[in-house]
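Engineer: My questions all concern the structure below.
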C-alpha cells in the first residue's frame with residue numbers, strides 16, 4: 001500500500017496531470033486546465049491523500065460533502081463517474097480510479113510532489129490584471145447559508161464555486177476568482193464597496209436554505225455602481241441527489257443571468273458618447289440594432305460593425321456579427337446578393353472562427369453563416385456542439401443547435417434543443433429569432449398549424465419581419481387558407497416589391513448551397529408561397 005501524501009504539498013503530479021491544491025486547479029497534458037467542480041476536486045484530493053487504499057463510499061462522501069451517506073445513497077458513484085470522464089483516457093476501462101466490488105474505490109496512480117519551479121511549466125493560469133476593461137466584470141459573493149446549521153456551509157460554498165466556474169467559461173465576462181470573493185464570506189458588504197474594491201461592474205449574491213426535504217436557493221444580480229437590481233429569482237427543489245441539485249441550479253442561474261448581463265452591457269454602450277466608443281462597445285450597439293430586424297436597423301448594425309473592425313481588424317466577435325448581419329439582410333430579401341458577395345461574408349465568418357475557437361458566442365454567431373450560405377451544415381453543427389461543450393448553459397447555443405437540426409429535417413431533436421433553450425432562458429434577448437426557430441422545426445415536421453402559432457408570437461413584436469411573413473404565407477397556403485395567405489403576400493410585396501418565386505429560387509441557390517439536405521424544406525416553402533399567390 002502506498003504511503004499517504006502529506007497535506008503540506010500544494011502541487012502534486014499523477015499520471016499526466018498536475019494538481020494545484022492552493023490554486024484549486026488541475027492541469028493535464030500540455031498544461032491545459034481541466035475544469036473541475038468543487039465536489040470533483042475534493043474527491044480527487046481524497047484519493048491523492050490515500051493512494052492505493054480502498055476508500056468506502058462513506059469515507060469519500062464525508063471528504064467531499066462533510067456528511068455520512070444514508071443507506072443506499074449512491075450519489076458518490078455519480079461523482080466518481082464524472083471525475084473519471086475528465087481524467088481517464090477511457091472512462092469505461094478506468095486505470096486511475098478503480099472499483100473494488102463491495103468495498104468502495106481505490107486510486108491506482110502514485111502522486112509525486114512537484115517543486116514550485118517545475119510546476120510553473122504546468123500552470124496555465126493567466127497573470128496580470130484579472131478584469132480587462134472591455135469585458136463585463138462580475139464578482140460572485142459567497143452564497144449565505146441560511147439553514148441555521150454551520151455543517152451546511154459546504155453546500156452554499158459549493159453552489160458559489162459551481163457558478164463561478166460556469167461563468168468563467170464565457171469569454172465575454174471577466175469573473176473574479178473565488179480567492180478574492182471568499183474574503184467577504186460571513187459579512188454583509190455594501191455592494192457599491194465590493195464593486196470599487198474588486199473593480200467589477202456587477203455583483204451576484206445569493207443564499208441557500210436547506211431542510212431535510214427541500215432546498216431554496218435565491219440569487220440577485222446587482223449593478224455595482226448604483227445598486228440597481230438587474231435580476232432576482234428563487235429556486236425551490238427537493239433534496240434528492242445533492243450533486244444533481246447543484247448542477248440544475250447552476251444551469252438555471254447561468255441561463256438567467258447571462259442574457260441580463262449582455263443586455264446591461266448593451267445599455268451601457270448605448271449610453272456612451274459616440275466619440276468615446278471602443279470596438280467592443282460598437283459590437284454591443286450593433287447587437288441592439290440587429291435585434292430590431294428592420295432594413296434600417298440591419299444597415300445601421302453593419303455600419304457599427306464595420307467601424308468596430310476598422311478599430312480592431314482581428315476582432316472575432318465583430319467579424320462574426322458582421323457576417324451574420326449581412327446574411328440576415330439577404331435572408332430577409334432586403335437585397336439580392338451575388339455569389340461573390342455571399343462568399344465574402346462566409347469567409348469572414350470562417351475567419352472569425354479561425355481567430356478564436358474557444359469563444360462560445362463567436363462559434364454560435366458564425367455557425368449560422370457557415371452552415372447556411374457557407375453550405376457546411378456538418379461543420380456548423382460541430383461548432384455549436386463545441387460552444388455547448390464550452391458553455392453547456394448557453395440558451396443561444398441550444399437555440400442555434402435546434403435551428404440547424406431543423407434545416408436537416410431532424411424535427412424531434414430540433415424541438416428538444418429549442419425547449420432546452422427556453423428552459424434556460426424564457427425571456428431571451430433574441431426572442432423573435434427563437435420563435436422563428438420553433439416555427440422552422442415544426443415546418444420541417446409538416447406541423448403547419450403549430451408553425452402559425454409560433455410565427456404569430458414573433459409578428460406581435462416585429463409585424464414587418466420578412467422571413468416570418470414568408471413562412472406564415474407558405475404555411476397558410478399549404479393549409480389551404482388561401483384568402484389569409486394572399487393578404488400576407490400583399491403585406492410582403494409592400495415590403496419587398498420585387499419578391500417573386502423565381503427570385504426566391506435564384507437567391508436560394510446562392511444562400512442555401514446544401515440544397516440536397518434541405519430540399520424538402522425549401523420546396524415546401526416555395527410551394528406554399530405559390531399557393532398563397534406569390535407571382536412566379
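A short reminder: the numbers here are calculations on the coordinates, not readings from a lab. Bear in mind the structure is a predicted one, so any value in this text is a computation, not a measurement. Cβ: placed from backbone, ideal geometry, glycine included. Neighbour counts: every protein chain shown.
Engineer: Once you have the alpha carbon radius of gyration of the range 294-410, what is it after dividing by 2.2 N^0.38 Å, with N set to its residue count?
Structural biologist: Taking the Cα Rg and dividing by 2.2 N^0.38 Å, one obtains 1.01.
Engineer: Assuming a ≥ b ≥ c are the square roots of the Cα gyration tensor eigenvalues, decide whether the range 158-314 counts as rounded (a/c under 1.5), prolate (otherwise, with a/b larger than b/c) or oblate.
Structural biologist: Numbers: a/c = 2.56, a/b = 1.87, b/c = 1.37.
Note, shape of the range 158-314 comes out prolate.
Engineer: Normalised by the number of residues in the range 393-536, what is the relative contact order in percent for Cα pairs under 8 Å and 6+ residues apart?
Structural biologist: Numbers: 200 pairs, mean separation 31.3, N = 144.
About 22 percent, as a whole number.
Engineer: For Cα pairs less than 8 Å apart in space and 6+ apart in sequence, what is the mean separation divided by the residue count of the chain, i.e. the relative contact order in percent?
Structural biologist: Numbers: 886 pairs, mean separation 44.8, N = 536.
With pairs under 8 Å counted, the relative contact order is 8 percent.
Engineer: On C-alpha positions alone, give me the angle between the axis of helix 279-290 and the longest principal axis of the chain, in degrees, nearest 10.
Structural biologist: It is inclined by approximately 50 degrees.
Engineer: On to the next question. Estimate the FRET efficiency between residue 449 and residue 334 by the formula 1/(1 + (r/R0)^6), using the beta-carbon distance for r and 35 Å for R0, to the nearest 0.05.
Structural biologist: Values: r = 29 Å, r/R0 = 0.83.
Efficiency computed from Cβ-Cβ geometry: 0.75.
Engineer: Helix 153-167: angle to the longest alpha-carbon principal axis of the chain, degrees 0 to 90, nearest 10?
Structural biologist: Its long axis makes an angle of about 40 degrees.
Engineer: For the range 179-195 and the range 448-501, compute the distance between their C-alpha centroids and round to whole Å.
Structural biologist: Rounded to whole Å, the Cα centres lie 53 Å apart.
Engineer: Provide Rg and Dmax in Å for the chain, with only Cα atoms included in the calculation.
Structural biologist: Here Rg and the maximum Cα pair distance are 26.1, 83 Å.
Engineer: What value, in deg cm²/dmol to 500, does the helix sum -39500 (n - 2.57) over DSSP H runs of n ≥ 4 give at 222 nm once divided by the residues of the chain?
Structural biologist: Values: 22 runs with 293 residues, N = 536.
The per-residue figure over the chain is -17500 deg cm²/dmol.
Engineer: So, by mean Cβ neighbours within 10 angstrom, what's the order for 358-364, 484-490 with the highest one leading?
Structural biologist: Top of the packing list down: 358-364, 484-490.
Engineer: What's the exposure ranking of 157, 58, going from fewest to most Cβ atoms within 10 Å? It would help to have the intermediate numbers written out before the result.
Structural biologist: Values: 157 18, 58 14.
Fewest-to-most ranking of 157, 58: 58, 157.
Engineer: Turning to a different aspect of this structure: Take each of the peptides 313-322, 450-459, 98-107, average the number of other beta-carbon atoms within 10 Å over its residues, and list them starting from the highest.
Structural biologist: Details: 313-322: 23.7, 450-459: 20.2, 98-107: 13.7.
So the peptides 313-322, 450-459, 98-107, ranked by packing, come out 313-322, 450-459, 98-107.
Engineer: When a/c is below 1.5 the answer is rounded, else prolate if a/b is larger than b/c, else oblate, so apply that to the range 438-536 with a ≥ b ≥ c taken from the square roots of the Cα gyration tensor eigenvalues. Don't skip to the end; give the middle numbers.
Structural biologist: Numbers: a/c = 1.43, a/b = 1.11, b/c = 1.29.
Note, shape of the range 438-536 comes out rounded.
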